[in-house]
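All remarks here apply to the structure that follows.
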Amino acid sequence: MRSISPPTLFLDFDGVICNSLEECYRSSWMVVSGDSEPPDAAAYRALFAACRPFIRSGEDYVVAHEWAQRQEVPSSQDEFDRSLAAKGPEDLADLKVRLYRVRDALLAHRRSEWLSWNPLYKGMAQALEGQRENEAVWILSTKKASFIGEILAYHGISWPEKRTVYTGNRRKLDLIAEILPEGTATLIDDQIDHLDFSHPTCRCLLALWGYASPAAMKTAPATVSLDDALTLISSFPRPRRDE
Ligand SMILES: [Mg+2]
């Protein structure tokens, strides 16, 4: 039996499947301050949320709190990236380790509370549940696979870990090429920097319901609405096999 190179769908997690802003807000605050309760003032939350379109990885949320504490908002991805570069790769790697330590502790000691901070976008649970056994549908995220598995299980979905890929610091499109040396892919992500709209084998679509910046939504040549993405996921074909 051999597989015919099937089209394969890769879905980002935060901002495509899961609205994780509350979890990221709280967990990254614990890295910043060590306090369990973050500021609840609407003005502070709005400053933090304004950084969200520029975030690519978990440690960036800690930097978003630093912007909010200064009561400033980055005007562009470049400006936010300069604040990341000013920290340097070692400090950022350390923040990533500390963030995952906080998440581990929350999952161990405040499990259901932590999980409740990770709602899924409307319709996603049903769409994913329907494709649980479709080997052509994958999750590709800068969030560790074990946390994604816990969150999906909380929502009643037992998604296979082998089709949940943690990027670490690798480029998503490089990982897709590695997973899929032949065949074509579609990648849905809400961070435009993960996408290449002229990629020869991977069709890239910017998700419009998550945290894409207004500038990205305006410039992206290929976008997808939540309704259309749910249809695409639900109807995505299973790999055919030659007997
Ligand atoms: Mg995302």
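The values are calculated or read from the model by the stated rules, or taken from the named source; none is laboratory data. What you see is a predicted model, and the numbers here were worked out from it, not measured in a lab. Here Cβ is always computed from backbone atoms with ideal geometry, including for glycine, and neighbour counts include all displayed protein chains.
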*Could you grab the pairs with beta carbons closer than 8 Å, sequence gap of 6+ or different chains, first residue in the stretch 7-22 and under 16 Å from Glu161 (Cα atoms), second one among the aromatic types (Phe, Trp, Tyr)?*
Leu9/Trp138; Leu9/Phe236; Phe10/Trp138; Leu11/Trp138; Ile17/Tyr121
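For the structure I just gave you, tell me whether Gly183 is farther than 25 Å from Pro74 by Cβ, away from the ligand (no atom under 16 Å from the Cβ), in contact with a helix residue (DSSP H, G or I) (Cβ under 9 Å, 6 or more places away or on another chain) and not assigned by TED's automatic domain parsing to the domain that holds Ile55.
no
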*With Asn169, Asn134 as the choices, which residue is assigned by TED's automatic domain parsing to the domain that holds Ser225 and either away from the ligand (no atom under 16 Å from the Cβ) or buried (at least 21 other Cβ atoms within 10 Å of the Cβ) (or both)?*
Asn134
*Among Ala41, Ala68, which is surrounded by fewer than 15 Cβ atoms within 10 Å (Cβ to Cβ) and either away from the ligand (no atom under 16 Å from the Cβ) or at pLDDT below 95 (or both)?*
Ala41
_Qualifying residues in the stretch 137-166 (those that are among the hydrophobic types (A, V, I, L, M, F, W, C) and more than 16 Å from the ligand (Cβ to nearest atom)) - the one farthest from Ser116 (Cα to Cα)_ = Val137
_Out of everything in the stretch 186-212 that is within 12 Å of the ligand (Cβ to nearest atom) and either outside the structural domain of Arg170 (by TED's automatic domain parsing) or of a type in the set (Gly, Ala, Ser) (or both), what residue ends up being nearest to the chain's Cα centre (by Cα)?_
Gly210
*Being surrounded by fewer than 20 Cβ atoms within 10 Å (Cβ to Cβ), in contact with a Cys (Cβ under 8 Å, 6 or more places away or on another chain) and acidic (Asp, Glu) narrows it down to one of Asp228, Asp196, Asp189, so name that one.*
Asp196
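Within the stretch 109-128, is even one residue on the phi > 0 side of the Ramachandran plot and among the small types (Gly, Ala, Ser)?
Step one: list which residues in the stretch 109-128 are on the phi > 0 side of the Ramachandran plot, which gives 123.
The next check asks that each one be among the small types (Gly, Ala, Ser); those that pass are 123.
The answer is yes; a qualifying residue exists.
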_Need a quick list: helices (runs of 4 or more DSSP H) entirely within the stretch 57-167 having at least 2 residues that are under 30 Å from Pro6 (Cα atoms) and small (Gly, Ala, Ser)._
124-130, 145-154
*Taking the options Glu178, Glu161, Glu182, name whichever one is more than 17 Å from Arg111 (Cβ to Cβ), surrounded by fewer than 16 Cβ atoms within 10 Å (Cβ to Cβ) and touching a Gly at 6+ places or on another chain (Cβ under 9 Å).*
Glu161
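Just to verify a result, which residue in the stretch 1-26, among those that are more than 16 Å from the ligand (Cβ to nearest atom) and at pLDDT 95 or above, is farthest from Arg203 (Cα to Cα)?
Arg26
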*Name the residue, out of Leu107, Leu120, that is touching a residue at least 12 places away in the same chain (Cβ under 8 Å), under 20 Å from Ser27 (Cα atoms) and either away from the ligand (no atom under 16 Å from the Cβ) or surrounded by fewer than 17 Cβ atoms within 10 Å (Cβ to Cβ) (or both).*
Leu107
*asked:* Contact list please: Cβ distance under 8 Å, first residue in the stretch 199-225 and in contact (Cβ under 8 Å) with a residue 40 or more places away in the chain, second residue within 16 Å of the ligand (Cβ to nearest atom) and of a type in the set (Lys, Arg), pairs at least six apart or on different chains.
replied: Tyr211/Arg52
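Looking only at the stretch 168-180, filter to residues that are outside any helix (DSSP H, G or I) and of a type outside the set (S, T, N, Q); which one of those is nearest to Trp117 (Cα to Cα)?
Residue satisfying both the conditions and the ranking: Gly168.
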